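**Q** Sharing a structure with you now.
The values are calculated or read from the model by the stated rules, or taken from the named source; none is laboratory data. These numbers come from a predicted model, not from an experiment. When we count neighbours, we look across all protein chains shown, and the Cβ atoms used for this are built from the backbone with ideal geometry, even at glycine. Ligands, DNA and RNA are excluded from the accessible area calculation, which covers all protein heavy atoms including side chains. Shrake-Rupley method; radii C 1.70, N 1.55, O 1.52, S 1.80 Å.
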Amino acid sequence: MLPSLLDTAAEPRGVRVNKIEQLLNTSFRVFLCSSVLYIANLLKPSPQCRHTRSTRRLLPSSSSDTREGTRLKVFVTGATGKTGRIVVRKLFEREQQFTPAVLVRPEGKQTEEETRANVERYFKRPVETFVGDLTDADTSSLTWALFGCDALVICTSATPFVKLSSLPGTIFKKVVLKNMHARPAFCFDKGNMPEQVDWLGQKLQIDAAKAAGVKHVILLGSIGGTKPEHFLNQIGGAHLLEWKRKAEEYLIASGVPYTIIHAGELLPHPGPSMQRSEGGRRELVVGVDDTVLETMDTRVIPREDVAEVIVQALTTPAATNRSFDLVSKHEGVGEVWDKRLRPLLDSLRGRNCTYSREAYDTNQRSQLNMSGANSPRQVHSPAESFHTAQGENTPLSAFKSPMKAVISPRKAAMSPLT
């Protein structure tokens with residue numbers, strides 16, 4: 001361009017001005033086109049970061065135990081918990097079938113970037129990660145995160161912790177009094193109560209999944225929901241299992257295809273008598289309405305086996321719209337599970353957990369009879385309030401403040417880890 005401008009210096013002034021204007025216009029057009037192409041290249045997502053809006057359907061196959069087709073995008077909440085991380089690992093191991101995405105809650109004062117870095121260390125690979133707190137989020141932000149997902153796996157749960165002040169007494173009972181059934185006292189963090197996490201948090205996930213068009217919700221629950229005297233219901237008077245049961249009933253009423261798994265005590269758990277917890281070493285047993293608690297001499301199950309059942313339920317039509325209890329026999333007793341879910345579910349002969357008041361009331365009457373009570377007391381449980389609420393179920397007064405969105409809508413928050 002510089003020689004051209006110099007060449008025009010000897011020409012008449014009017015001609016020289018016209019040529020200079022033409023050169024400047026051409027230069028501007030080239031600059032404009034280059035800028036547009038540069039910006040478009042920046043905005044273009046890489047193959048790892050591209051987000052599609054899937055229209056796949058989970059359709060049962062009449063000729064196979066599994067649904068065939070393209071990979072299913074599976075959204076896992078509670079993905080860095082002890083069981084959730086195993087579920088995600090197993091999804092990655094089946095990369096020809098599944099593409100996982102995860103929702104995790106930041107710990108302490110961690111930033112979103114630090115949380116995503118921790119997720120990368122958990123799974124040792126990039127994964128589409130959303131950061132948010134389900135006890136302080138709204139449906140719209142979670143719905144946005146769930147768009148394009150085929151299935152939702154809910155592994156969130158309120159987690160009790162040991163009261164340190166109760167440990168000396170527990171040690172005294174175990175060591176001196178030889179009471180091996182003595183347990184320390186447990187409680188929940190103020191922001192991690194079962195009502196907030198296992199009821200309102202799971203209700204939020206169910207509503208968002210329905211709004212986003214998710215075709216299958218798998219909910220990991222706990223065994224003992226029909227027993228008001230169960231240990232987990234007694235912790236801090238928080239009725240953990242009853243709030244879980246309320247969320248399960250809400251999921252069934254939502255109309256979204258579901259699978260509800262009531263797992264037994266998950267192995268490994270802390271204590272000097274820690275049992276072996278490798279998966280694929282035990283016979284699994286399924287049941288309904290907590291009957292396995294009466295017929296089995298064990299009520300535990302390794303987390304590895306629970307995660308395997310969850311992942312297989314994603315592609316097993318026989319697991320759709322089913323609710324069942326899941327425990328294992330002692331290692332070395334019975335036949336080791338062959339890792340086929342359908343025959344295991346066939347042993348139920350079509351039975352599902354009933355969620356009737358009869359089972360709950362029967363267990364409560366049994367508890368009262370054992371305690372010598374003369375008359376049944378009135379029950380005011382979370383499960384009962386689900387049926388008696390007017391219109392859409394109203395959360396209890398302990399959580400009336402409006403929830404705000406904390407699942408970041410920024411594109412960076414939904415990009416895979418790099």
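**Q** With N set to the number of residues, divide the alpha-carbon radius of gyration of segment 249-357 by 2.2 N^0.38 Å and report two decimals.
**A** 1.07
**Q** Once neighbouring chains are kept in place and the probe is 1.4 Å, which whole percent of the accessible area of segment 86-243 is contributed by carbon and sulfur?
**A** That share works out to 56 percent.
**Q** Mind giving me the nanometre distance, one decimal, between the label points for Asp297 and Glu265, set 7 Å out from Cα along Cα→Cβ?
**A** 1.6 nm
**Q** Could you state the orientation-averaged shadow area of the convex hull built on the Cα atoms of segment 113-160, in nm² to one decimal? The partial results should precede the final answer.
**A** Working: hull surface 18.4 nm².
The directionally averaged projection comes out at 4.6 nm².
**Q** A further question follows. For Phe92 and His181 in one chain, what is 0.36 nm times their gap in residues minus the Cα-Cα distance, to one decimal in nm?
**A** Additional length available on full extension: 28.1 nm.
**Q** Rounded, prolate or oblate: which fits segment 69-137 when a ≥ b ≥ c are the square roots of the eigenvalues of the alpha-carbon gyration tensor, with rounded for a/c under 1.5 and prolate only if a/b beats b/c?
**A** Cα axes put segment 69-137 in the prolate bin.
**Q** Hey, what do the phi angles of segment 131-138 turn into as Karplus ³J(HN,Hα) couplings, whole Hz, using 6.51/-1.76/1.60 and θ = phi - 60°, x for Gly and Pro?
**A** After applying 6.51 cos²θ - 1.76 cosθ + 1.60, I find 10, x, 10, 5, 7, 9, 9, 10 Hz.
**Q** Right, another one. Could you do me a favour and compute the accessible area per residue for segment 89-137, 1.4 Å probe, result in Å²?
**A** Per-residue accessible area for segment 89-137 comes out at 52 Å².
**Q** In segment 110-214, what GluC sites (Glu not before Pro) fall in a loop by DSSP, with at most 13 other Cβ atoms inside 10 Å?
**A** Hits after loop and neighbour filter: nothing returned.
**Q** Also: If you average the alpha carbon positions of segment 284-299 and of segment 96-133, how far apart do those two centres end up, in angstrom?
**A** Between the Cα centres of segment 284-299 and segment 96-133 lies a distance of 35 Å.
**Q** Still on this model: With a/c under 1.5 counting as rounded, go ahead and sort segment 144-270 into rounded, prolate or oblate using the C-alpha gyration tensor (a ≥ b ≥ c being the square roots of the eigenvalues; past the cut-off, prolate if a/b is larger than b/c, else oblate).
**A** Numbers: a/c = 2.79, a/b = 2.51, b/c = 1.11.
Judged from the Cα gyration tensor, segment 144-270 comes out prolate (a/c at least 1.5, a/b above b/c).
**Q** Just the number: Rg to Rh for segment 204-244, Cα atoms, Kirkwood Rh, two decimals.
**A** 1.15
**Q** As an exercise, identify the trypsin sites (Lys or Arg not before Pro) in segment 106-148 lying in DSSP coil whose Cβ has no more than 13 other Cβ atoms within 10 Å.
**A** Listed in order of number, the matching sites are Lys109, Lys124.
**Q** Determine the alpha carbon to alpha carbon distance for each of Lys73/Lys203; Lys73/Lys215; Lys82/Lys173; Lys82/Lys210; Lys82/Lys190 and list only those over 19 Å.
**A** Details: Lys73/Lys203 21 Å; Lys73/Lys215 11 Å; Lys82/Lys173 29 Å; Lys82/Lys210 27 Å; Lys82/Lys190 21 Å.
Pairs exceeding the cut-off: Lys73/Lys203; Lys82/Lys173; Lys82/Lys210; Lys82/Lys190.
**Q** Counting only heavy atoms of the protein chains, get the accessible area per residue of segment 281-341 (1.4 Å probe) and round it to a whole Å² value.
**A** I get 36 Å² per residue for this part.
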